[in-house]
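Q: The structure that follows is given in the form of structure tokens.
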């Protein structure tokens with residue numbers, strides 16, 4: 001070798017290997033947090049509830065790679081099992097309304113007396129306090145009080161629900177996973193755990209930080225669907241092709257815009273001369289819509305894919321695993337016959353924990369043995 005240091009190419013263990021997490025069964029954001037932790041090597045023990053609706057689902061990707069035990073939390077014996085498990089764990093996550101965990105005897109004060117280093121993650125829509133904290137809601141409600149939903153309106157129409165990606169998963173589960181790992185690092189340094197108050201309303205508000213920057217710099221002043229990133233800009237939008245399939249253009253920077261209009265032979269068209277002239281955006285958008293509707297998506301991909309002008313096809317969920325980029329990276333994997341996203345993000349030279357599909361109550365006997373208990377008749381109910 002010419003003086004260069006050799007690189008250790010041995011696969012390293014997953015980044016959360018050795019971390020144990022107790023997850024009290026819920027839906028949406030808390031299970032997504034559990035999935036993220038399990039995807040990266042944490043041992044996640046899910047406490048399932050008897051007769052929960054999730055049992056009826058053939059496949060739940062959010063619950064992959066868990067260990068599972070079903071417990072009736074109305075029974076004191078079950079509460080003791082969870083408390084014993086918490087003594088052995090690095091953290092616990094729950095998605096109850098404020099006060100429910102305390103009434104069950106599983107609140108942070110109780111469990112952290114038994115395990116002072118426990119990281120206790122709380123996932124709610126509104127937070128543990130505040131006028132709305134005890135009221136019902138879903139993703140759409142949580143993103144409606146922070147400007148997020150309003151910004152998604154299109155052409156004067158009420159905004160369409162953005163699936164439940166922003167509140168449940170981005171501002172909720174992902175934010176809780178970040179909080180959990182941050183608190184875990186602090187606990188390992190200090191020996192003291194933390195309580196994480198993760199509010200989907202506040203988490204999704206944090207996702208709007210960039211929009212606040214645009215607002216403060218007079219770049220987000222018009223009605224929804226008339227601004228730079230909300231579909232108002234003709235060079236940052238999606239279009240229908242002749243075959244009904246869709247494409248996306250994200251040519252914001254001047255160099256990408258120049259390549260884009262050059263490829264479409266619009267470089268000499270005065271309508272497209274001033275990229276940031278918002279007065280012309282509606283006309284530019286109509287013209288581009290007419291152009292793209294004149295040929296099938298395959299033709300536009302052949303013309304634009306290699307122009308480095310921020311062009312992509314808009315693929316469906318069914319098409320996504322077969323997209324050439326996704327296939328090359330292995331961005332989707334199959335487990336138990338079910339196609340699903342590969343764990344993300346990736347870590348260099350790190351062993352990937354491939355998903356294993358969740359099986360309800362599959363680990364009951366082993367989990368009980370780990371806390372010095374056997375399997376009594378009352379442990380599960382139908």
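Q: Considering the stretch 134-148 alone, what residues qualify as being outside any loop (DSSP other than H, G, I, E, B) and in contact with a helix residue (DSSP H, G or I) (Cβ under 7 Å, 6 or more places away or on another chain)? Full working, then the answer.
A: Of the stretch 134-148, the ones outside any loop (DSSP other than H, G, I, E, B) are 139-142.
Scanning the stretch 134-148 gives 139, 142.
Q: So, restricting to strands (runs of 3 or more DSSP E) that lie completely within the stretch 237-352, which ones have at least 3 residues that are surrounded by 13 or more Cβ atoms within 10 Å (Cβ to Cβ) and without any contact (Cβ under 8 Å) to a residue 40 or more places away in the chain? First the steps, then the outcome.
A: Working: elements: 246-250, 311-314, 332-335, 338-341.
Because the criterion is at least 3 residues that are surrounded by 13 or more Cβ atoms within 10 Å (Cβ to Cβ) and without any contact (Cβ under 8 Å) to a residue 40 or more places away in the chain, no strands (runs of 3 or more DSSP E) in the stretch 237-352 meet it.
Q: Select from the stretch 64-77 the residues that are buried (at least 22 other Cβ atoms within 10 Å of the Cβ) and more than 30 Å from residue 334 (Cβ to Cβ) and list them in ascending order.
A: Within the stretch 64-77, just 71 meets the criteria.
Q: Now a separate question. Hey, any hits in the stretch 178-193 for a residue that's closer than 23 Å to residue 102 by Cβ and surrounded by fewer than 16 Cβ atoms within 10 Å (Cβ to Cβ)?
A: The answer is yes; a qualifying residue exists.
Q: Can you tell me how many residues within the stretch 116-130 are within 20 Å of residue 21 (Cβ to Cβ) and crowded, with 21+ Cβ neighbours inside 10 Å?
A: 7
Q: Quick one: which residue in 177, 187, 101, 206 is farther than 26 Å from residue 83 by Cα, touching a residue at least 12 places away in the same chain (Cβ under 8 Å) and either part of a helix (DSSP H, G or I) or out of contact with any helix residue (DSSP H, G or I) (no Cβ under 8 Å at 6 or more places or on another chain) (or both)?
A: 206
Q: Shifting gears a bit: Considering only the stretch 225-236, state which residues are under 24 Å from residue 319 (Cα atoms) and not in a strand (DSSP E or B). Give the derivation first.
A: Start the filter on the stretch 225-236 by keeping residues that are under 24 Å from residue 319 (Cα atoms), which leaves 231, 236.
Listed by number, the list holds a single entry, 231.
Q: When you look at residue 319, is it on the phi < 0 side of the Ramachandran plot, at pLDDT 95 or above and within 29 Å of the chain's Cα centre (by Cα), yes or no? Talk me through it step by step, then tell me what you get.
A: On the way: on the phi < 0 side of the Ramachandran plot: yes; at pLDDT 95 or above: yes; within 29 Å of the chain's Cα centre (by Cα): yes.
Criteria met by residue 319.
Q: Scan the stretch 104-114 for residues that are part of a helix (DSSP H, G or I) and either closer than 19 Å to residue 177 by Cα or without any contact (Cβ under 8 Å) to a residue 60 or more places away in the chain (or both) and report the count.
A: If we filter the stretch 104-114 for residues that are part of a helix (DSSP H, G or I), which is where we start, we get 104, 108-114.
Filter again for either closer than 19 Å to residue 177 by Cα or without any contact (Cβ under 8 Å) to a residue 60 or more places away in the chain (or both), leaving 104, 108-111, 113-114.
Total meeting the criteria: 7.
Q: Could you check, for the stretch 154-170, whether at least one of its residues is surrounded by 22 or more Cβ atoms within 10 Å (Cβ to Cβ) and in contact with a strand residue (DSSP E or B) (Cβ under 9 Å, 6 or more places away or on another chain)?
A: no
Q: I would also like to ask the following. Take residue 228 and decide whether it is in contact with a strand residue (DSSP E or B) (Cβ under 8 Å, 6 or more places away or on another chain), surrounded by 14 or more Cβ atoms within 10 Å (Cβ to Cβ) and outside the structural domain of residue 159 (by TED's automatic domain parsing).
A: Working: in contact with a strand residue (DSSP E or B) (Cβ under 8 Å, 6 or more places away or on another chain): yes; surrounded by 14 or more Cβ atoms within 10 Å (Cβ to Cβ): yes; outside the structural domain of residue 159 (by TED's automatic domain parsing): yes.
It is true that residue 228 is in contact with a strand residue (DSSP E or B) (Cβ under 8 Å, 6 or more places away or on another chain), surrounded by 14 or more Cβ atoms within 10 Å (Cβ to Cβ) and outside the structural domain of residue 159 (by TED's automatic domain parsing).
The values are calculated or read from the model by the stated rules, or taken from the named source; none is laboratory data. This is a predicted model, so every value here is computed, not measured. Positions of Cβ are backbone-derived with ideal geometry, glycine not excepted, and every protein chain shown enters the neighbour counts.
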